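Notes to accompany the following structure.
The values are calculated or read from the model by the stated rules, or taken from the named source; none is laboratory data. Predicted model, so just to flag it, every value in this text is computed and none were measured. Here the Cβ positions follow ideal geometry from the backbone for every residue, glycine too, while neighbour counts run over all protein chains shown. These accessible areas exclude ligands, DNA and RNA; they are computed on the full protein's heavy atoms, side chains included. Shrake-Rupley method; radii C 1.70, N 1.55, O 1.52, S 1.80 Å.
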Amino acid sequence: MGIPYSKQINAAFDQVTPLVAEGFEVLQTTKNISLFLAVCQVLTAIFLALILVTLQGLLIAVNPDLEYERQEIVTPAVKWLAGWILVLGQWKKSIMVMVLVVVVGCAVGSLAGIWYTATDPTMNEDLGDGTEGEDPEALTGEDIEAIKKGETKQ
């Protein structure tokens, strides 16, 4: 009486094993996408903060009632920025340099974040497959490799 049931269990296992391997790949892809979205969120927050500061400076600069604040806040900031542009060289070159600095800074920040999360040992913790407390390197062998490849024999 146990033989038909065990055949059904084996047939079900053979159908589920490739799904588990594909699920692992989906988890890896999802992790990569979530890291990319996290970097995008950080950059969005930085750009929104810069936009807020710029708009606040613009409001101070155009409001005639805030003449003292304009002279104390906006004028020194604009003088510093103009001096920085003049130090870098011609006007067009300095704009290109500023754009390049921002792009390189964003790229380095993104790569640093990706590298940190990829090398962080807590990001590669067990996902609850019943092997808590075991060394991940100990989980090797023909069976594990066959499951990863989807070539199991039961």
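Figures for the structure shown
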| quantity | calculated |
| --- | --- |
| Pairs with Cβ under 7 Å, 6+ apart, first in the stretch 9-36 and aromatic (Phe, Trp, Tyr), second open to solvent by 80 Å² or more (accessible area, probe 1.4 Å) | Phe13/Gln154 |
| Long-range neighbours under 6 Å by Cβ, at least six apart or interchain, first residue closer than 18 Å to Val42 by Cβ within the stretch 94-111, second among the aromatic types (Phe, Trp, Tyr) and open to solvent by less than 70 Å² (accessible area, probe 1.4 Å) | none |
| Any hit, the stretch 56-65, residues being without any contact (Cβ under 8 Å) to a residue 24 or more places away in the chain, assigned to a helix (DSSP H, G or I) and under 25 Å from the mean Cα position of the chain (by Cα) | no |
| Thr17, sole failed condition from (1) closer than 26 Å to Asp120 by Cβ; (2) at pLDDT below 85 | (1) |
| Complete set of residues in the stretch 11-53 that are among the polar types (S, T, N, Q), open to solvent by 60 Å² or more (accessible area, probe 1.4 Å) and more than 29 Å from Ile114 (Cβ to Cβ) | Gln15 |
| Some residue of the stretch 94-113 being at pLDDT below 80 and exposed (fewer than 11 other Cβ atoms within 10 Å of the Cβ) | no |
| All positions within the stretch 55-77 that are open to solvent by 90 Å² or more (accessible area, probe 1.4 Å) and either closer than 26 Å to Val102 by Cα or at pLDDT below 85 (or both) | Leu55, Gln56, Leu58, Leu59, Ile73 |
